[in-house]
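J.: Structure in structure tokens, see below.
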Amino acid sequence: MERNERYARHYTLPGFGEKGQNKLSNAKVLIIGAGGLGVPALQYLAAAGVGTIGIVDHDHIELSNLQRQVLYSTEEIGLAKATTASKKMSQLNPDIKIIPYVLQLTVENAINLIKGFDMILDCTDNFTTRYLLSDACRLLEKPLVFGAIYQYEGQLAVFNVADEVGIKTTYRHLFPTPPDPLYAPDCNDAGVLGVLPGIIGTMQAAETIKHLTAIGQILNNKLMSINLLSYQTLLLDIPHTLPKGSAYPMSIAEFEATDYAYLCGVRSTEIQVIQPETFKQLYQQQDVLILDVRNQDELPRLNLPHIQIPLPSLTGQLHLLDKPHIVIVCQSGIRSLKAASILQEKIGDNHQISHLKGGVNALEKHKHE
């Protein structure tokens, strides 16, 4: 391949050179999520000259994204992340191919999306997609670079890559059972330091480049954790056996028949979903009780008649729910859905149970539209 001055610093890099650059140019990488983790990973992989990059994201740019997703601008609020990121990466490096997929990863499309790429990056923000993606990559034997962030701490690992004795681990070896949503808030609920996803996403790009070019030692079968407040870094071995009772789909047919939302405890078909635009009409009705299941210190406050019972205390205060229709609210819609599932089981025979889609975040957004 003809030398390109764009990659001059790679050509002169010991152990990398033209051979390494050619490997990048021939590689195909799929990034799932064009948010806090996906943005820095995408930027560095595009700049490095990865020949084909796919970007999967069904979301649109919001003002609250800009604190950490520094690829986007205020003027682009409302635009699709995948297409916006694709256009900017084509400007950064017109020598590579960028393919945007404005869609949500599902069991119906995952296999066809993933099978045409050499490496996959998990830059998602929810357990449903992480388990789905890990299982799909295991079935297709695709290396998966995992990144996760929480407040001030980030995690990094590489799955489905054998070590020197042939052992390969997956996301399920790290977390055999999906955590209860009650104890697993996302960034919408718990917050995140803006620079953290930039650091972890860039390290995901580094692990990808290392594996594609066969340089250094990647984090296969290991989990790296870093806390930005102290710079304490841990490197842990991931167990290579699953606990009894834990399993993953053994075939594509079994994978496509799996309900990952149900597996991760974040969906119930019996629970009514309330849209932000109709919420105001509901809370003004006499037979409706608005229940906020956030903690007392979470902002912004819900400035309308309601009661507040933090989710961990909910089952002990069911006697306070004294109206026929209960509409549950949280920060982003995850805890309210979990609370709705609990109430459906406990008092669903005597009450109508609903939850607000997108939570207080969606209300705030709707208020300014």
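J.: Quick check: the angle from helix 81-92's long axis to the longest principal axis of the chain, C-alpha only, nearest 10 degrees?
T.: Helix 81-92 sits at roughly 20 degrees to that axis.
J.: Per Stokes-Einstein, at 20 °C and 1.002 mPa s, what whole-number D in µm² s⁻¹ belongs to the chain, with the Kirkwood radius over Cα pairs as the hydrodynamic radius?
T.: Taking Rh from Cα pairs, D becomes 97 µm²/s.
J.: Modelled label-to-label distance, Gln308 and Val70, 7 Å Cα→beta-carbon offset: nm?
T.: In this crude spin-label approximation the distance works out to 3.4 nm.
J.: Checking the a/c ratio against 1.5 first, then a/b against b/c, what shape does the Cα gyration tensor give for the stretch 234-341?
T.: Since a/c reaches 1.5 and a/b is larger than b/c, the shape of the stretch 234-341 is classed as prolate.
J.: Hey, if you drop one equal point scatterer on each alpha-carbon of the stretch 2-51 and run the Debye formula without solvent, what base-10 log of I(q)/I(0) do you get at q = 0.17 Å⁻¹?
T.: With no solvent term, the Cα-only Debye profile gives -0.54.
J.: Which is farthest toward the positive dipole end of the chain among Ser246, Val327, Pro276, measuring Cα position about the Cα centre, with Cβ charges +1 (Lys, Arg) and -1 (Asp, Glu)?
T.: Ser246
J.: May I pose another question? Kindly list the residues of the stretch 37-77 that lie in the label zone of Leu103, defined by a backbone N under 18 Å from the point 7 Å along the Cα-to-C-beta vector.
T.: 53-60
J.: Whole angstrom only: what separates the Cα centroid of the stretch 48-112 from the Cα centroid of the stretch 146-180?
T.: Answer, in whole Å: 24.
J.: How many nm is it between the label spots at Glu5 and Leu229, if each spot is 7 Å from the Cα in line with the beta carbon?
T.: It is 4.9 nm.
J.: Using only Cα positions of the stretch 1-103, each an equal point scatterer, no hydration layer, compute I(q)/I(0) via Debye at q = 0.12, 0.15, 0.17 Å⁻¹ and quote the log10 values to two decimals.
T.: Once normalised to I(0) and log-transformed, intensities are -0.41, -0.61, -0.74.
J.: As an exercise, identify the GluC sites (Glu not before Pro) in the stretch 201-280 lying in DSSP coil whose Cβ has no more than 15 other Cβ atoms within 10 Å.
T.: Glu270
J.: Still on this structure, I have one more. Classify the stretch 93-178 as rounded, prolate or oblate from the Cα gyration tensor: take a ≥ b ≥ c as the square roots of its eigenvalues, call it rounded if a/c is under 1.5, otherwise prolate when a/b beats b/c and oblate if not.
T.: Rounded.
J.: Report the extension gain between Ala247 and Lys367 in nm, rounded to one decimal, defined as 0.36 nm multiplied by the number of residues separating them, less their alpha carbon distance. Don't jump to the answer; show the numbers that get you there.
T.: On the way: separation 120, 0.36 × 120 = 43.20 nm, distance 4.43 nm.
So the chain would gain 38.8 nm between Ala247 and Lys367.
J.: Run through all the Cα pairs of the stretch 92-132 and give the fraction in each 10 Å bin from 0, expressed as whole percent.
T.: 21, 54, 20, 5
J.: Next up: Based only on the alpha carbon positions, what is the Kirkwood hydrodynamic radius of the stretch 100-242, in angstrom?
T.: Working: mean 1/r = 0.0633 Å⁻¹.
Hydrodynamic radius (Kirkwood, Cα pairs) of the stretch 100-242 is 15.8 Å.
J.: Still on this model: Under a point spin-label approximation (7 Å from Cα along Cα-to-Cβ), what is the Glu18-Glu254 distance to one decimal in nm?
T.: Here the answer is 4.8 nm between the modelled labels.
J.: If each Cα of the stretch 282-359 is one equal point scatterer, what is log10 of I(q)/I(0) from the Debye formula at q = 0.13, 0.20, 0.24, 0.25 Å⁻¹?
T.: Log10 I(q)/I(0), no solvent term: -0.32, -0.80, -1.19, -1.30.
J.: To the nearest 0.05, what FRET efficiency results for Lys115 and Ala190 with a Förster distance of 25 Å applied to their C-beta separation?
T.: 0.15
J.: Note down the relative contact order for the stretch 242-369 as a percent, whole number, built from C-alpha pairs under 8 angstrom at least six residues apart.
T.: Relative contact order comes out at 28 percent.
J.: On to the next question. Could you give me the ³J(HN,Hα) list for the stretch 134-141, computed from phi with Karplus coefficients 6.51, -1.76, 1.60 and θ = phi - 60°, whole Hz, x at Gly and Pro?
T.: 4, 5, 5, 5, 5, 5, 8, 6
J.: Accessible area, 1.4 Å probe, largest first: how do Arg301, Arg335 sort?
T.: Order by accessible area, largest first: Arg301, Arg335.
The values are calculated or read from the model by the stated rules, or taken from the named source; none is laboratory data. Quick caveat: nothing in here was measured; it's all calculated off a predicted structure. With ideal geometry, Cβ positions are generated from the backbone for all residues, glycine too; neighbour counts draw on all protein chains shown. Accessible surface is based on the protein model in full, side chains and every heavy atom, while ligands, DNA and RNA are left aside. Shrake-Rupley method; radii C 1.70, N 1.55, O 1.52, S 1.80 Å.
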